[in-house]
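Right, I'll just put the structure down here and ask away after.
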Amino acid sequence: MIDEAQDFLQESCALYDLVKPLADIDYDQSTQFKNWTVNAVLQHLHFFNLAAVYSLQDPARFEAHYAELNNKRQSGLSSVVAVDELLRGVRGHVLLQLWEEGFTETGAAFAAAEPRQRVKWAGPDMSARSSISARLMETWAHGQAIYDLLGAVRVNTDRIRSIATIGVNTYEWTFRNRGEEVPLPKPFIRLTAPSGAIWQWNDASEQHRVEGLAEEFCQVVAQVRNIQDTKLRVSGNSATRWMAVAQCFAGPVAAPPPAGTRGLRTASRGL
């Protein structure tokens, strides 16, 4: 039994409930995340949820699924356009229901999986537990763009601990992915969970540390917010360098959003 699968399902359901009241035309509204529309966000989540299920249950189908995407990207299409074509342009409420069916299947498949089972992905293989934790992180991170668009205050729960853990575990990878030497020592991480619990990682240090709300830490490592738009307290060279470029998701180097460019929209613009 993988507990993170239930966390993924609950996070997906919360986003579903947020989007469900929208009219089809609202799905064309652009978010602050690279101008992705609501349609593009849900298409992306659905496509990669399917990829995760295939990697768990049918590795050959995963390879074919991902190869289709790569072929389109290599032909010059952006990931957004490529996924849209592969999903045959599904949009609006039809897309919402397709995504809901997909994340329900994904949650159930991983809940019953052996946590240590190795599964394929775009980068190195990973455990089934890590795979569904990554789906939780992506759902939470991309979902934030929709919360911001709609001016909805997100109520986080302690299920974001998995996201914080991914953030901590990708400290070294963030620098290596950028071709940079990993600064030491690793900073001490002390976060306050939504429940009020205290989460800590690495050796205690007063000089090299990141401290504050867990949700803000998750926002920074997932590049949902710039560090300057949070109240996180950062001290020491290694912590300061890390928080300026942190990237907890796989893929090429991605730059965090500039300060002041991502946040809760105060006007709904007709939504």
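The values are calculated or read from the model by the stated rules, or taken from the named source; none is laboratory data. Small disclaimer: the values here were computed from a predicted structure and weren't measured. Positions of Cβ are backbone-derived with ideal geometry, glycine not excepted, and every protein chain shown enters the neighbour counts. In case anyone asks, the SASA skips ligands and DNA or RNA and just uses the protein heavy atoms, side chains included. Shrake-Rupley method; radii C 1.70, N 1.55, O 1.52, S 1.80 Å.
How about segment 51-83: which of its residues are outside any helix (DSSP H, G or I) and open to solvent by 70 Å² or more (accessible area, probe 1.4 Å)?
Matches in segment 51-83: SER75 only.
Right, here's the next one. Scan segment 113-153 for residues that are free of Cβ contacts under 8 Å to residues at least 60 places away in the same chain and open to solvent by less than 30 Å² (accessible area, probe 1.4 Å) and report the count.
1
Kindly establish whether ASN35 is open to solvent by 20 Å² or more (accessible area, probe 1.4 Å) and either β-branched (Val, Ile, Thr) or in a loop (DSSP other than H, G, I, E, B) (or both).
Yes; evaluated as a whole, the condition is true for this residue.
Here are some conditions: (1) farther than 30 Å from TYR27 by Cα; (2) surrounded by fewer than 17 Cβ atoms within 10 Å (Cβ to Cβ). GLY263 meets all but one. Which one does it not meet?
For GLY263, the exception is condition (1).
Okay, next question. Just checking, does segment 41-50 include any residue being assigned to a helix (DSSP H, G or I), polar (S, T, N, Q) and over 30 Å from PRO115 (Cα atoms)?
no
Please state which of the following conditions SER238 fails to meet, knowing it meets all the rest: (1) in a loop (DSSP other than H, G, I, E, B); (2) over 30 Å from LEU150 (Cα atoms).
(1)
Find the residue count for segment 179-194, including only residues that are open to solvent by less than 80 Å² (accessible area, probe 1.4 Å) and assigned to a loop (DSSP other than H, G, I, E, B).
So the answer is 8.
Right, here's the next one. With out of contact with any strand residue (DSSP E or B) (no Cβ under 7 Å at 6 or more places or on another chain), of a type in the set (S, T, N, Q) and within 26 Å of TYR147 (Cα to Cα) as the only criterion, which of SER75, SER79 stands out?
Residue meeting the stated conditions: SER79.
Could you list, ordered by first residue, the pairs with Cβ atoms under 9 Å in which the first is in segment 80-96 and among the basic types (Lys, Arg) and the second is open to solvent by 70 Å² or more (accessible area, probe 1.4 Å) and part of a helix (DSSP H, G or I), at least 6 apart or interchain?
Once the first residue is among the basic types (Lys, Arg) and sits in segment 80-96, its partners that are open to solvent by 70 Å² or more (accessible area, probe 1.4 Å) and part of a helix (DSSP H, G or I) give ARG91/ASP24; ARG91/ASP28.
Could you count how many residues in segment 220-259 are more than 15 Å from ARG178 (Cβ to Cβ), under 13 Å from the mean Cα position of the chain (by Cα) and hydrophobic (A, V, I, L, M, F, W, C)?
Result for segment 220-259: 3.
Quick check on my filter: what residues within segment 196-226 are of a type in the set (Asp, Glu), touching a helix residue (DSSP H, G or I) at 6+ places or on another chain (Cβ under 9 Å) and closer than 12 Å to PRO185 by Cα?
Those that are of a type in the set (Asp, Glu), touching a helix residue (DSSP H, G or I) at 6+ places or on another chain (Cβ under 9 Å) and closer than 12 Å to PRO185 by Cα: none in segment 196-226.
Within segment 15-32, count every residue that is in a helix (DSSP H, G or I), open to solvent by less than 30 Å² (accessible area, probe 1.4 Å) and of a type in the set (A, V, I, L, M).
2
Output the number of residues of segment 203-219 satisfying the condition of being in contact (Cβ under 8 Å) with a residue 40 or more places away in the chain and either open to solvent by 10 Å² or more (accessible area, probe 1.4 Å) or closer than 23 Å to GLY251 by Cβ (or both).
The number of residues fulfilling the criteria is 4.
Of the residues that sit in segment 227-248 and are out of contact with any helix residue (DSSP H, G or I) (no Cβ under 7 Å at 6 or more places or on another chain) and within 30 Å of ASP125 (Cα to Cα), which one is most open to solvent (accessible area, probe 1.4 Å)?
In this case the residue turns out to be ARG241.
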